[in-house]
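Working notes for the structure below.
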């Protein structure tokens, strides 16, 4: 099994479940700033030029949430996907909530603050995206009141997707009104097999660049 990744991206979601599962995998780092994702070899794996990519035998799978779900299904006996149908429906619900209602606004913020060329950035989009994010975060804040995990009474792969999503949001100062979610993120990243937090990855990259 191979994981094509770049540290501070949504690759973290895929790495997280692989580490929680304790399965052997080969990590292949793709240097996005060096444009390695645009090489012909990489584009044959993912024409969308995105990481992560999971290669498992003859399966080539892209999209971080899809990779997480696939691995939870493949190793169903590890308990990271609910066996009960109703709980499993809720599991899918919260993964989709993370990648649509929460991730998309912070992507807009990222694009219009540092990803797009300066001449293409629209400052008004930052405020609009923040306005879209906050009420959806409030929905999750209420859901997580007196709960340790998103679904049921134990951790699932949905928590790995959500915790990363919220960690990015926290770096963007979007969780100021969500104390429950901040505690949830800290608790998830305190797990023994959790990946590095995005701030630590960026810090290591900066430190490496200055050596």
| task | Evaluate the following for residue 160: is it surrounded by fewer than 21 Cβ atoms within 10 Å (Cβ to Cβ) and within 16 Å of the chain's Cα centre (by Cα)? | result | no
Residue 94 meets each of (1) over 24 Å from residue 183 (Cβ atoms); (2) modelled with pLDDT of 95 or more with one exception, condition (1)
When segment 185-195 is checked residue by residue, the ones that are more than 12 Å from residue 12 (Cβ to Cβ) and either touching a helix residue (DSSP H, G or I) at 6+ places or on another chain (Cβ under 7 Å) or at pLDDT below 95 (or both) are 185, 193
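For (1) more than 30 Å from residue 83 (Cβ to Cβ); (2) touching a helix residue (DSSP H, G or I) at 6+ places or on another chain (Cβ under 8 Å); (3) without any contact (Cβ under 8 Å) to a residue 40 or more places away in the chain, each residue gets a yes or a no:
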| site | (1), (2), (3) |
| --- | --- |
| 103 | no, yes, no |
| 113 | yes, yes, yes |
| 128 | yes, yes, yes |
| 150 | no, yes, no |
| 176 | yes, no, yes |
| 205 | yes, no, no |
Within segment 14-65, the count of residues that are surrounded by fewer than 16 Cβ atoms within 10 Å (Cβ to Cβ) and touching a helix residue (DSSP H, G or I) at 6+ places or on another chain (Cβ under 6 Å) comes to 2
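I'd like the full set of residues that are in a helix (DSSP H, G or I) and either more than 19 Å from the chain's Cα centre (by Cα) or touching a residue at least 40 places away in the same chain (Cβ under 8 Å) (or both), limited to segment 52-85. Quick ask: steps written out before the conclusion?
Initially, segment 52-85 is screened for residues in a helix (DSSP H, G or I), giving 64-74, 76-78, 85.
If the condition is that a residue be in a helix (DSSP H, G or I) and either more than 19 Å from the chain's Cα centre (by Cα) or touching a residue at least 40 places away in the same chain (Cβ under 8 Å) (or both), then 64, 65, 67, 68, 69, 71, 72, 74, 76, 77, 78, 85 are the ones that fit.
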Worksheet entry | Selection status of residue 148, assigned to a loop (DSSP other than H, G, I, E, B) and either in the same structural domain as residue 114 (by TED's automatic domain parsing) or crowded, with 16+ Cβ neighbours inside 10 Å (or both) | yes
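If you check 49, 34, 27, which single one turns out to be touching a strand residue (DSSP E or B) at 6+ places or on another chain (Cβ under 6 Å), free of Cβ contacts under 8 Å to residues at least 40 places away in the same chain, more than 28 Å from residue 138 (Cα to Cα) and not in a helix (DSSP H, G or I)?
Details: 49 fails: touching a strand residue (DSSP E or B) at 6+ places or on another chain (Cβ under 6 Å); 34 fails: touching a strand residue (DSSP E or B) at 6+ places or on another chain (Cβ under 6 Å).
Sole residue among the options that is touching a strand residue (DSSP E or B) at 6+ places or on another chain (Cβ under 6 Å), free of Cβ contacts under 8 Å to residues at least 40 places away in the same chain, more than 28 Å from residue 138 (Cα to Cα) and not in a helix (DSSP H, G or I): 27.
The values are calculated or read from the model by the stated rules, or taken from the named source; none is laboratory data. Treat the numbers as computed from the prediction; the structure is a model and nothing was measured. So basically every Cβ, Gly included, is an ideal-geometry build from the backbone, and we count neighbours across all protein chains shown.
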